[in-house]
1. State the Cα centre-to-centre distance between region 104-164 and region 46-60 in whole Å.
2. Calculate the spin-label point distance for CYS36 paired with LYS148, positioning each point 7 Å from the Cα along the beta-carbon direction, and give it in nanometres.
3. How much accessible area does CYS36 have with a 1.4 Å probe, in Å² rounded to the nearest 10?
4. What FRET efficiency would be calculated for the residue pair LYS73, ILE170, taking the C-beta separation as r and a Förster radius of 35 Å, to the nearest 0.05?
5. Could you give the length gained on full extension between ILE27 and VAL81, defined as 0.36 nm per residue of separation minus the Cα-Cα distance, in nm?
6. With every protein chain left in place, what is the accessible area of THR169 in Å² (1.4 Å probe, nearest 10)?
7. Give me the distance in nm between label points sitting 7 Å out from Cα along the Cα-to-Cβ direction at LYS125 and ASP55, one decimal.
8. Taking a virtual spin label 7 Å from the Cα of CYS139 along the C-beta vector, which residues in region 147-184 bring their backbone nitrogen under 14 Å of it?
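The values are calculated or read from the model by the stated rules, or taken from the named source; none is laboratory data. Every value quoted in this text rests on a predicted model; they were computed, and no experiment measured them. Cβ placement follows ideal geometry from the backbone for every residue including glycine, while neighbour counts extend to all protein chains displayed. Ligands, DNA and RNA are excluded from the accessible area calculation, which covers all protein heavy atoms including side chains. Shrake-Rupley method; radii C 1.70, N 1.55, O 1.52, S 1.80 Å.
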Amino acid sequence: MKMTSAILLALVVFANIAQAAPRYTGIGCNDDGTKCIAGKPSKRVLKWSKKGTVDELGQKCEKFLANIEARKKVIAKSRNVELKYENFVYSWSRDLEANGQAKIICEVELHSETDVKFESKIVKKFYWVCENEDSAGICKNYFSACEKSRDQQLKDPSVLDATIYTGATILQGPLCEIATVRFK
């Protein structure tokens, strides 16, 4: 616990020292990339979120940030990348685990340096997703397939992080999307 608190403190201190990437670039944009007359996204700022259990992400998302930092260090061995964390927020979801505890939602803004941009994309979609084999309704896929696909994406050393986004549509039923973020 002391180690994760030290890592979290170091991230916050480092975040205050390094200058954040601007959100937008273009005509009339200030240094923060706000208040633009005509600007476009810089692709150097990404709002990243992940929902999971306390065991996966930490009581206050310390494991979430530590995992991103650890993967960044692996990527930094092959190329020079800097990463700054801003606007960190965590909250509890309405989804409950088997033990009755709510899942946690972690959100952070990732800022990269000048010549490195983020590439975030949906790499896989599953339709008609049910929680498990005992679920009622039309089931074409199960949530375990979503988790397996996310874990497969995390095996790629160039991926900074991967997450599962859930939703639903009338024609496609409950769905899950596997999203990844990597440096361009």
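1. 13
2. 4.2
3. Result for CYS36: roughly 50 Å² accessible.
4. Numbers: r = 44 Å, r/R0 = 1.25.
About 0.20, to the nearest 0.05.
5. Once the chain is fully extended between ILE27 and VAL81, it gains 16.7 nm.
6. 60
7. Going by the 7 Å Cα→Cβ label model, 3.2 nm.
8. Hits in region 147-184 for CYS139 at 14 Å: 174.
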